[in-house]
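The values are calculated or read from the model by the stated rules, or taken from the named source; none is laboratory data. Note that the structure is a prediction, hence the values are computed from the model and not measured. When we count neighbours, we look across all protein chains shown, and the Cβ atoms used for this are built from the backbone with ideal geometry, even at glycine.
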Amino acid sequence: MTLRSLLAALAALLLAAPSASAQHLTLWHAYRGAEQTALDQVLDAWRRAHPAATLDVLAVPFEAYASKLESAIPHDHGPDVFVDAHERLASYRSLGLVTPVAAATDAAVTARFDDTAVRALTAAGQLYAFPLSVKCVALFYNPALWTDPSPPATLEAIEALRPRLPAGTYPLVYESQGAYFHAPLLHAYGGAMLDDAGRYAFVGPAAERSLRRVISMTRAAVIPDEASGALVSQLFASGRAATAISGPWLAADLGARLPFRVAPLPALTDAGGRRMEPYATVEGAFVSSRARDRAAAVALASALTEVPAAIVRARVGRQVVATRDAWTTDPALARDPVLSVFREAAAHARPMPTHPHMRAVFEPARQSILKALRGDRSPRTALEEGQHRFDDVTRPLPRRRDATLALLVVGMLAMGFALNAMRGLRDPVFRRDLRRSLPAYAWVTHAAITLALLVVVPLVIGAVTSLYATREGHSYFVGVANYVDILTARGGPLLATGSFYRVLLVTVLWTAANITLHVSLGVALALLLSRPLLRMKALYRVLLIIPWAVPSYVTALAWRGMFHRQFGAVNALLVALGGEPVSWFARFSTAFTANVTTNVWLGFPFMMVVTIGALAGIPKDLYEAAAVDGATAWQQFWKVTVPMLRPAMGPSVAMGAVWTFNQFNVVFLVSGGEPDGETDILVSEAYRWAFTRQAQYGYASAYAVLIFLILLLVTRRRTPEALP
């Protein structure tokens with residue numbers, strides 16, 4: 001059956017489905033690449049089947065997907081149908097964002113899908129989404145390096161490859177520092193990330209055994225250090241890894257570049273022969289509780305899972321679809337060497353818990369894995385610190401407080417402002433000056449309105465939000481409790497890792513170091529480029545401005561790659577000079593150095609350009625007069641150049657300090673706050689409270705207000721005293 005005939009069959013099926021004519025529906029998803037292409041084809045067929053209906057489709061970035069849904073649906077600005085993973089079901093139910101699509105006992109509906117998918121999307125006896133696909137990781141292996149006709153049965157068999165492989169080739173690659181990819185190993189030893197009651201479970205003997213196993217594999221060069229997703233793909237695609245643990249996305253990246261095979265994850269001999277059990281994520285088509293036409297929305301969500309639609313998503317999007325009949329209707333799917341294996345792996349996978357605390361598990365678990373792999377902590381201590389971090393993030397919010405007093409204060413301030421304005425209006429001189437100034441106000445009104453909407457209103461909203469406790473959509477007034485928590489370091493040591501004062505000290509050090517180097521390098525290069533006898537000055541200026549012209553996030557990612565311990569250019573240079581490779585992100589000093597180096601590369605061109613412009617404005621007569629007076633070149637620099645540069649450099653340094661103080665991109669993309677958040681600055685710490693720690697927007701807003709007050713205090717200029 002060709003793809004064209006599939007789409008025709010899909011359109012015919014949808015025409016026979018309940019009509020949603022004259023309806024306006026909205027669908028959101030976070031798909032990219034082939035998955036988005038497949039969904040677009042299915043939805044195009046739906047549009048042809050319902051010419052009177054209007055369907056708007058919005059692709060939302062994955063990182064902001066959940067937060068946008070949680071903020072948009074309650075205000076009737078969200079979708080009617082949205083595609084998302086099952087692990088957020090508990091949160092969405094608690095917030096009232098979703099509505100059931102069928103009863104779990106409705107065999108006519110549930111029998112269409114795999115049992116694992118139905119169980120994952122069922123709560124309180126109701127099916128809350130139509131299952132679309134099931135995703136989990138499996139084992140990729142290179143038949144040129146794994147020559148046995150049968151796939152690896154045990155992890156120990158993969159480890160035994162090490163002596164037989166060429167130098168620089170690894171038996172196994174996977175993201176060993178990620179909690180999601182560590183989970184299969186943990187499950188094989190009988191452990192878990194989160195228990196059924198929502199308690200942190202990545203502690204205890206099973207967790208310690210799993211960490212020790214990863215440490216031993218790293219030291220034996222069975223797996224590489226600091227392996228990211230891009231590195232896993234690169235090593236396996238280049239034939240430098242015999243096996244890889246990854247998801248269907250790796251198959252899409254490989255394409256026809258390398259012959260490969262896929263098998264379910266192997267077993268562990270030292271775990272009693274238990275198979276590595278990955279997490280399974282079930283994607284479903286959810287119906288919003290605020291859908292404008294629930295029946296039409298349910299019909300659309302169901303249509304995405306019909307057999308022709310499922311076959312299109314499997315063929316084009318390479319999804320392991322949850323619709324059972326799709327695998328029997330199209331025999332090619334059952335014979336597909338990748339999809340069929342991933343379906344088998346998903347059948348034995350463990351559905352990811354839907355408890356709201358699951359989102360808060362991954363970061364503490366990742367930090368525990370990192371500390372143990374780097375040798376900073378013993379496995380037991382690293383795991384205990386992870387539990388402490390989890391308990392701190394998920395601890396109860398401050399108690400609700402009465403907002404009457406706050407409203408009274410705001411009302412009194414507003415009344416005072418109004419009375420002061422009325423007093424001014426009664427002044428005849430003020431009224432006369434106001435009438436004379438009306439033409440001038442007309443010229444600046446549009447700018448004032450724009451400034452108010454873009455600057456003042458967000459600041460006010462942020463300040464108000466900081467007076468509320470928020471977590472996963474729930475919000476209530478707590479007064480200044482967020483500020484008290486921040487300024488008291490949440491009851492812990494004032495200079496503990498992650499405390500406001502520790503992060504503030506790092507931010508000040510970060511700003512001072514960068515501005516000093518920016519100005520020093522910028523002025524030095526500007527003086528060099530301003531020399532009259534220097535040839536090819538225009539070329540040098542263009543080359544030195546390039547770091548400023550390249551987008552900062554591109555530069556940050558490039559520098560992060562250069563600081564990689566095994567494959568980075570910086571360590572390669574150190575080794576070539578006879579040194580030892582450095583784990584740049586394992587210590588505060590080296591991680592901070594990596595951040596500063598990247599930001600200096602980005603920031604010195606600005607200071608250089610400003611200085612070149614300022615130098616061009618210095619009269620040459622001053623240097624000639626200084627030379628006549630016998631001043632040396634050094635004296636001319638300090639007595640003529642520096643004083644003349646100060647008026648131009650002052651505002652530039654102030655702007656550079658504010659930019660650097662809030663330089664989120666470099667810190668987030670280069671070190672990522674490593675090790676254990678020690679290189680985070682205030683703005684990146686605020687980001688983590690907003691987006692990686694259960695969406696505590698009130699707490700993050702309090703951080704933002706404190707950042708604003710600090711910068712306001714530091715940059716405020718005093719009015720010079722009047723001359724006598």
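General observations
- Number of positions in the range 670-681 that are on the phi > 0 side of the Ramachandran plot and surrounded by 19 or more Cβ atoms within 10 Å (Cβ to Cβ): 3
- If you go through the range 519-560 and keep only what is within 16 Å of Asn665 (Cβ to Cβ) and either surrounded by fewer than 18 Cβ atoms within 10 Å (Cβ to Cβ) or in contact with a Pro (Cβ under 9 Å, 6 or more places away or on another chain) (or both), you end up with Pro547, Trp548, Ala549, Val550, Pro551, Tyr553, Val554, Thr555, Leu557, Ala558.
- Within the set Ala179, Ala111, the sole residue that is small (Gly, Ala, Ser) and crowded, with 18+ Cβ neighbours inside 10 Å turns out to be Ala179.
- When residues of the range 499-518 are limited to those that are surrounded by fewer than 19 Cβ atoms within 10 Å (Cβ to Cβ) and small (Gly, Ala, Ser), the one farthest from Ala704 (Cα to Cα): Ala513
- Residues that are farther than 30 Å from Ser583 by Cα and not β-branched (Val, Ile, Thr) occur at least once in the range 229-249.
- Filtered residue count, the range 457-498, keeping only those that are within 25 Å of the chain's Cα centre (by Cα), surrounded by fewer than 16 Cβ atoms within 10 Å (Cβ to Cβ) and of a type in the set (A, V, I, L, M, F, W, C): 4
- Of all positions in the range 567-590, at least one carries a residue that is closer than 30 Å to Glu685 by Cα, among the aromatic types (Phe, Trp, Tyr) and assigned to a helix (DSSP H, G or I).
- Subset of the range 22-61 that is part of a helix (DSSP H, G or I) and touching a Lys or Arg at 6+ places or on another chain (Cβ under 8 Å) - its residue that is surrounded by the fewest Cβ atoms within 10 Å (Cβ to Cβ): Ala34
- Restricting the search to strands (runs of 3 or more DSSP E) fully inside the range 223-292 and requiring at least 1 residues that are β-branched (Val, Ile, Thr), over 26 Å from Ser671 (Cα atoms) and outside the structural domain of Arg374 (by TED's automatic domain parsing) gives 279-287.
- Within the range 484-524, the set of residues being of a type in the set (S, T, N, Q) and assigned to a helix (DSSP H, G or I) comprises Thr507, Thr511, Asn514, Thr516, Ser520.
- Pairing each residue of the range 590-605 that is under 14 Å from Gln663 (Cβ atoms) with any residue that is crowded, with 20+ Cβ neighbours inside 10 Å and among the aromatic types (Phe, Trp, Tyr), provided the two are 6+ apart or on different chains, yields C-beta distances under 6 Å for Ala594/Phe563; Ala594/Trp584; Thr598/Trp559.
- Taking the range 362-456 as the region of interest, the helices (runs of 4 or more DSSP H) fully inside it that hold 2 or more residues being surrounded by 13 or more Cβ atoms within 10 Å (Cβ to Cβ) and among the β-branched types (Val, Ile, Thr) are 379-393.
Here's the yes/no breakdown for (1) in contact with a Leu (Cβ under 6 Å, 6 or more places away or on another chain); (2) surrounded by fewer than 23 Cβ atoms within 10 Å (Cβ to Cβ); (3) in contact (Cβ under 8 Å) with a residue 24 or more places away in the chain:
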| residue | (1), (2), (3) |
| --- | --- |
| Thr243 | yes, no, yes |
| Leu258 | no, yes, yes |
| Leu265 | yes, no, yes |
| Gly272 | no, yes, no |
| Met276 | yes, no, yes |
| Arg294 | no, yes, yes |
| Arg324 | no, yes, yes |
| Arg335 | no, yes, no |
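- Matching residues in the range 298-344 - criterion: being β-branched (Val, Ile, Thr) and under 33 Å from the mean Cα position of the chain (by Cα): Val298, Thr305, Ile311, Val312, Val316, Val320, Val321, Thr323, Val338, Val341
- Selected residue (criterion: surrounded by the most Cβ atoms within 10 Å (Cβ to Cβ)) from residues of the range 191-211 that are in a loop (DSSP other than H, G, I, E, B) and charged (D, E, K, R): Arg199
- Given (1) among the polar types (S, T, N, Q); (2) more than 23 Å from Ser71 (Cα to Cα); (3) not in a helix (DSSP H, G or I), index of the condition Ser475 fails: (2)
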